[in-house]
Amino acid sequence: MRLLVARCEVRYSGRLDALLPEALRLVMIKADGSVLVHADAGGYKPLNWMTPPTVIEEGDDQIVVRKRAGSTEDRLQITIAEVLSDVVHEMGSPVEDAALTKDGVEAHLHELLAEQPQWCGEGFRLVKREWATDIGPVDLMCRDAQDGWVAVEIKRVAGIEAVEQLTRYLERIRLDPAFASCRGVLAAQTIKPQARVLAGARGIDCVEVDLAVLRGERRPELKLFAG
């Protein structure tokens, strides 16, 4: 990762036009092609950014980031007036990061659901944990009762970003004709309402799981349905 602190002007053009006037900013350039422009305010949100895949071109006083967006091209132009700091840090493999981002609860959920995949769907059986794709591993790859493929992504709390992550995995998995009909399941202790809506629109099933039930510390609740 490259961290550049510089006095610069940032101009974005493409689907819309935006200009950040010259000021002192932090520019983060990641190994995957992500470019983020931060100010010393606004929390974690960048003022402007470009997500991969990108093409990054650099001159003496300018960094230009380009990305195709359908039939058009988005362009982020950073014009540098003064550099205060320019450092590069080796952050390790992104694939390793994907496997290490789980907190303790999420890792425990992963282990328990791998042992008891039926909680993700009736008749599910585990084929492999950490099923590799070219953009990172999906948590569980299972077969359902009809022998269909199912990719399961596990979170402690699942928001819209979890749905987007599983959607990207499914896109890559389905490129193989043998997995063209693979469907997705998002399993979590808590699934946010917005994530449920987006998952439904993407054809992804949502399953909320109880950690205490998975551990055998509590019996599952019985649900009664009135006729």
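Considering only the stretch 110-125, I want to know if a residue exists there that is at pLDDT 90 or above, closer than 22 Å to residue 203 by Cα, assigned to a strand (DSSP E or B) and open to solvent by 40 Å² or more (accessible area, probe 1.4 Å). Scanning the stretch 110-125 turns up at least one residue that is at pLDDT 90 or above, closer than 22 Å to residue 203 by Cα, assigned to a strand (DSSP E or B) and open to solvent by 40 Å² or more (accessible area, probe 1.4 Å).
Within the stretch 44-69, the set of residues being in a loop (DSSP other than H, G, I, E, B), of a type outside the set (Ser, Thr, Tyr) and open to solvent by less than 70 Å² (accessible area, probe 1.4 Å) comprises 46, 52, 59.
Scanning the stretch 173-191 for residues that are in a helix (DSSP H, G or I) and open to solvent by 90 Å² or more (accessible area, probe 1.4 Å) turns up just one, 177. Answer with yes or no whether residue 194 is surrounded by fewer than 19 Cβ atoms within 10 Å (Cβ to Cβ), within 30 Å of residue 32 (Cα to Cα) and not acidic (Asp, Glu). Here the answer is yes, as residue 194 does meet what is asked.
Let's see how each residue does on (1) closer than 13 Å to residue 79 by Cα; (2) open to solvent by 70 Å² or more (accessible area, probe 1.4 Å); (3) in a strand (DSSP E or B):
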residue	(1), (2), (3)
4	yes, no, yes
10	yes, no, yes
15	no, yes, no
19	yes, yes, yes
22	yes, yes, yes
25	yes, no, yes
28	no, no, yes
32	no, yes, no
38	no, no, yes
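The single condition among (1) out of contact with any His (no Cβ under 7 Å at 6 or more places or on another chain); (2) at pLDDT below 90; (3) not β-branched (Val, Ile, Thr) that residue 102 does not meet is (1). Consider residue 170 carefully, then state whether it is within 19 Å of residue 126 (Cα to Cα), touching a Leu at 6+ places or on another chain (Cβ under 7 Å) and open to solvent by less than 20 Å² (accessible area, probe 1.4 Å). No. Considering 152, 209, which residue is crowded, with 17+ Cβ neighbours inside 10 Å, closer than 16 Å to residue 138 by Cα and β-branched (Val, Ile, Thr)? From the options 152, 209, the qualifying one is 152.
Residues checked against (1) part of a helix (DSSP H, G or I); (2) in contact with a Phe, Trp or Tyr (Cβ under 8 Å, 6 or more places away or on another chain); (3) among the aromatic types (Phe, Trp, Tyr):
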{"position": "129", "(1), (2), (3)": "no, no, no"}
{"position": "137", "(1), (2), (3)": "no, yes, no"}
{"position": "140", "(1), (2), (3)": "no, yes, no"}
{"position": "151", "(1), (2), (3)": "no, yes, no"}
{"position": "154", "(1), (2), (3)": "no, no, no"}
{"position": "162", "(1), (2), (3)": "yes, no, no"}
{"position": "165", "(1), (2), (3)": "yes, no, no"}
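The values are calculated or read from the model by the stated rules, or taken from the named source; none is laboratory data. Just so it is clear, the model here is predicted, and its values are computed rather than measured. FYI the Cβ positions are ideal-geometry reconstructions off the backbone, even for glycines, and counts take in every protein chain you see. Side chains included, ligands, DNA and RNA excluded: accessible areas come from the protein's heavy atoms. Shrake-Rupley method; radii C 1.70, N 1.55, O 1.52, S 1.80 Å.
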